[in-house]
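What follows is a short report on a single structure.
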Amino acid sequence: MSSQQPAPVFLNLFRIRFPVAAVTSIAHRISGVLLFLFFPFLVWLLDLSLQGPDGYARAIALLQPLWVRMGLALIAWSLLHHLLSGIRFLLIDIGAGVSLRVARRTAWIVNLTGLLLGLACLWWLL
Amino acid sequence: MSGHTHGLRSWLLQRLSGVYLAIYLVYAIASVLQHGSYSYTEWHAWLVQPVMSIATAGFILAMLAHGWVGMRDVILDYVHHLGVRLMLLTLVGLMLVACGLWAVRVLLLAAG
């Protein structure tokens with residue numbers, strides 16, 4: 001065991017190589033987990049909203065607090081990023097945009113578009 | 001199915017369910033945004049149209065499949081302790097099944 005290379009101690013997060021496509025990929029996972037966690041709330045809202053006019057009014061009222069709207073903006077970003085990166089992965093699956101140059105460019109486009117549209121949702125929801 | 005084809009089946013299921021979820025969500029969100037604010041009657045009427053009810057039931061089903069495969073992949077990649085892994089997979093499965101049954105009940109009651 002002593003002949004093994006020592007464990008890396010170089011852990012400066014700003015200097016570790018982290019290609020843009022890795023950001024797209026990890027954000028696809030993080031947004032997917034957030035969407036999964038949001039699913040019960042979505043079903044709850046659907047349930048309330050279909051329980052007559054009173055339930056509908058309660059469902060709308062639940063969406064009013066500022067922190068809920070900020071949470072919804074996070075979910076909106078999750079959905080947008082997950083959708084865009086999902087389409088990118090599907091295209092790569094069928095052989096479109098596989099070259100490093102194009103894959104890097106589409107990764108940038110996905111990350112930035114998701115972020116900008118997410119911020120637009122935040123602005124709209126606040 | 002043998003273990004050998006299992007991975008391929010999940011891979012395909014994840015993509016097919018993803019495409020369905022994308023089409024449904026883009027359509028549903030675009031219709032809601034285009035309509036603007038709904039009264040309860042309008043909202044209820046929109047969701048209980050047979051086509052919309054069936055499409056929404058399909059959305060729930062696709063969500064269960066997609067959520068299961070996705071969460072399973074994430075858990076298997078990051079959680080290495082066998083007990084914790086099994087516990088998380090069980091929780092994810094239970095939550096998805098519970099949400100699925102709940103949503104189907106909501107849709108059936110709304111369709112009355």
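Defining a contact as two alpha carbons under 8 Å apart and six or more residues distant in sequence, what relative contact order in percent does the stretch A:25-125 show? Worked out over the stretch A:25-125, it gives 34 percent.
Largest mean-square fluctuation among B:H81, B:H66, B:H44, in a Gaussian network model of chain B whose springs join Cα atoms under 10 Å apart, belongs to B:H81.
The Rg/Rh ratio of the protein assembly as shown, with Rg taken over Cα atoms and Rh as the Kirkwood radius over Cα pairs, comes to 1.01. Shape class for chain B: prolate, because the ratio a/c of the largest to smallest gyration tensor axis (alpha-carbon atoms, square roots of eigenvalues) is 1.5 or more and a/b beats b/c.
Calculated from DSSP H runs of 4 or more alone, at -39500 (n - 2.57) each and per residue, what is the 222 nm mean residue ellipticity of chain A, nearest 500?
-26500 deg cm²/dmol
A straight line joining the Cα centroids of the stretch A:81-115 and the stretch B:39-112 runs 27 Å.
Mind pulling the angle between the C-alpha long axis of helix B:3-35 and the longest principal axis of chain B? Nearest 10 degrees, somewhere in 0 to 90. Roughly 20 degrees between the two axes. Here the label points at A:L119 and B:S37, each 7 Å from Cα along the C-beta direction, are separated by 2.9 nm in the simple model. Relative to the longest principal axis of the Cα atoms of chain B, the long axis of helix B:82-111 makes an angle of roughly 20 degrees. Exposed loop sites here mean chymotrypsin sites (Phe, Trp or Tyr not before Pro) with a DSSP loop assignment and at most 14 other beta-carbon atoms within 10 Å; chain A contains its longest site-free run at A:15-126. Please state the shape class of the stretch A:46-112: rounded when a/c is under 1.5, otherwise prolate if a/b exceeds b/c and oblate if not, all from the C-alpha gyration tensor. Oblate, since a/c reaches 1.5 and b/c is not below a/b. Between B:T90 and B:A55, residue separation times 0.36 nm minus the direct Cα-Cα distance comes to 9.8 nm.
Readers should treat all values here as calculations from the given coordinates under stated rules, not as data from a laboratory. This is a predicted model, so every value here is computed, not measured. Glycine also receives a Cβ, built like all others from the backbone with ideal geometry; neighbour counts cover every protein chain displayed.
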